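Have a look at the structure below, then the notes.
The values are calculated or read from the model by the stated rules, or taken from the named source; none is laboratory data. Just so we're clear, the structure is a prediction, and the values are computed from it rather than from any experiment. Using ideal geometry, Cβ is built from the backbone for each residue, glycine included, and neighbour counts are taken over all protein chains shown. Note: accessible area is taken over every heavy atom of the protein model, side chains too, but ligands, DNA and RNA are not part of it. Shrake-Rupley method; radii C 1.70, N 1.55, O 1.52, S 1.80 Å.
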Amino acid sequence: MQRIDGFTELIPLAQRSAWDALGTRFQGEYLTLRAEDLVGFVVVVALLIGGFYLLRLLASWQEQGQSQHSPRRLMAELCDAHGLGFRERRLCRRVAKELQLKQPAELFVRTEALKQLAKSDAALAKRLLGQPQ
């Protein structure tokens with residue numbers, strides 16, 4: 001039992017006197033605003049404002065990076081919009097490469113590219129043209 005009592009003396013919150021004096025900080029001389037309290041409050045507010053500012057900078061930097069033109073991203077978005085699977089996407093990339101298109105997404109708007117695609121997969125070409133299968 002001696003060992004446990006010695007252990008509770010090491011932890012300030014485990015002592016009953018710490019709990020009894022808990023409310024005294026809001027009375028009397030402790031109720032006044034001191035310079036240290038104000039400095040701490042200003043530091044916390046400045047850190048919060050700085051953190052939000054950094055988050056805003058990071059978000060705008062990320063948004064600028066996404067707004068740049070990316071042929072791969074455009075091709076992926078068009079394939080998603082048309083509901084193309086992995087095999088169909090691979091076929092579209094292959095046809096775009098065979099035709100040496102600067103932008104792979106041109107496959108969706110160039111007639112000769114769609115004709116070449118129709119030679120490889122007629123059903124896919126009809127889907128891209130919006131014709132019923």
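Filter segment 70-112 down to residues that are within 29 Å of the chain's Cα centre (by Cα) and hydroxyl-bearing (S, T, Y), then give me how many there are. Matching residues across segment 70-112 total 1. Looking across A35, A59, one residue alone is small (G, A, S), under 43 Å from the mean Cα position of the chain (by Cα) and modelled with pLDDT of 85 or more. It is A59. Taking the numbered list (1) buried (at least 17 other Cβ atoms within 10 Å of the Cβ); (2) touching a Ser or Thr at 6+ places or on another chain (Cβ under 9 Å); (3) not acidic (D, E) in turn, A113 passes all entries but (2). In summary, L57 fulfils each of the numbered conditions (1) in contact with a helix residue (DSSP H, G or I) (Cβ under 8 Å, 6 or more places away or on another chain); (2) surrounded by fewer than 16 Cβ atoms within 10 Å (Cβ to Cβ) with the single exception of condition (1).
Scoring F52 on the criteria (1) touching a residue at least 12 places away in the same chain (Cβ under 8 Å); (2) open to solvent by 50 Å² or more (accessible area, probe 1.4 Å); (3) aromatic (F, W, Y) leaves a single failure, condition (1). If you check L101, L117, L84 for being free of Cβ contacts under 8 Å to residues at least 60 places away in the same chain and assigned to a helix (DSSP H, G or I), only one passes: L117. Here F41 meets each of (1) at pLDDT below 85; (2) over 26 Å from the mean Cα position of the chain (by Cα) with one exception, condition (1). Among the residues of segment 60-69, is there at least one that is surrounded by 12 or more Cβ atoms within 10 Å (Cβ to Cβ) and free of Cβ contacts under 8 Å to residues at least 24 places away in the same chain? There is no residue in segment 60-69 that is surrounded by 12 or more Cβ atoms within 10 Å (Cβ to Cβ) and free of Cβ contacts under 8 Å to residues at least 24 places away in the same chain. Counting the residues of segment 120-133 that are open to solvent by 30 Å² or more (accessible area, probe 1.4 Å), without any contact (Cβ under 8 Å) to a residue 12 or more places away in the chain and at negative phi gives 6. Scanning segment 84-109 for residues that are over 19 Å from S70 (Cα atoms) and either open to solvent by 50 Å² or more (accessible area, probe 1.4 Å) or at pLDDT below 80 (or both) yields F86, R87, E98, L99.
Of the numbered criteria (1) exposed (fewer than 10 other Cβ atoms within 10 Å of the Cβ); (2) at pLDDT 70 or above; (3) charged (D, E, K, R), the one R72 fails is (1).
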